[in-house]
Amino acid sequence: MITDASAIDSQIHKNCVVCGSSNDRGLHVEFIPLADGGVQAFFQCGKAYEGYAGKIHGGVISALLDGAMTHCIFQQGDAGVTGELKVRYRHPVEVGQTAIVRGWIKRDATPLYITEAELIQDGQVKATATAKFMAQPQLIERG
């Protein structure tokens with residue numbers, strides 16, 4: 001059974017549109033584990049991800065937040081799928097600037113994980129999310 005977060009990511013999640021290293025059209029976001037069990041990533045908000053002029057598309061923001069929360073579950077040595085995702089867009093995310101995406105587990109009631117994430121740009125929280133994930137251990141029980 002795979003229990004290392006980076007092994008879970010690289011072996012069963014390599015084609016993910018947010019973080020997959022094998023997805024030629026993906027965002028290629030690299031989530032870094034934090035000491036508190038959460039994760040963090042830096043995302044360059046390029047024009048290719050624009051919705052309205054100069055603003056990052058809400059779907060891209062949602063995907064980044066979901067990806068951060070997924071990686072928190074990897075940090076637990078588990079895999080999970082999103083059962084519910086609620087995103088709050090507080091301020092526009094600007095094209096041409098770097099954003100910080102952070103995620104953490106609020107409650108572990110395995111097989112249910114309650115997670116939270118935020119996207120920060122220029123020191124301001126631009127979007128937040130909460131989600132419920134269902135553990136999927138069968139995904140990582142490969143030799």
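Which residues, taken from the stretch 35-51, are touching a residue at least 40 places away in the same chain (Cβ under 8 Å) and either surrounded by fewer than 20 Cβ atoms within 10 Å (Cβ to Cβ) or farther than 20 Å from residue 128 by Cβ (or both)? Walk me through how you get there before you give the answer.
Step one: list which residues in the stretch 35-51 are touching a residue at least 40 places away in the same chain (Cβ under 8 Å), which gives 36-47, 49-50.
Selection gives 36, 37, 40, 42, 44, 46, 47, 49, 50.
Out of the stretch 99-143, which residues are more than 22 Å from residue 35 (Cβ to Cβ) and surrounded by fewer than 16 Cβ atoms within 10 Å (Cβ to Cβ)?
Answer for the stretch 99-143, where residues must be more than 22 Å from residue 35 (Cβ to Cβ) and surrounded by fewer than 16 Cβ atoms within 10 Å (Cβ to Cβ): 109, 111, 112, 122, 124, 134, 136, 137, 138, 141, 142, 143.
Can you pull out every residue in the stretch 46-62 that is touching a strand residue (DSSP E or B) at 6+ places or on another chain (Cβ under 9 Å), of a type in the set (A, V, I, L, M) and either outside any helix (DSSP H, G or I) or over 15 Å from residue 17 (Cβ atoms) (or both)?
Scanning the stretch 46-62 gives a single hit, 56.
Is there any pair with a first residue in the stretch 84-98 that is assigned to a loop (DSSP other than H, G, I, E, B) and a second that is surrounded by fewer than 14 Cβ atoms within 10 Å (Cβ to Cβ) and among the charged types (D, E, K, R) whose Cβ atoms are under 7 Å apart and which are 6 or more apart or on different chains, and what are they?
Short answer, once both residue conditions are applied: 95/47; 97/122.
Give the residues of the stretch 7-44 that are part of a strand (DSSP E or B) and among the acidic types (Asp, Glu), sorted by residue number.
Filtering the stretch 7-44 down to residues part of a strand (DSSP E or B) leaves 32-33, 39-44.
Once the filter is applied, which keeps residues that are part of a strand (DSSP E or B) and among the acidic types (Asp, Glu), the stretch 7-44 yields nothing.
Throughout, read-outs are computed from the coordinates displayed, never taken from laboratory work. What you are looking at is a predicted structure, and each value in this text was computed from that prediction instead of being measured. Here Cβ is always computed from backbone atoms with ideal geometry, including for glycine, and neighbour counts include all displayed protein chains.
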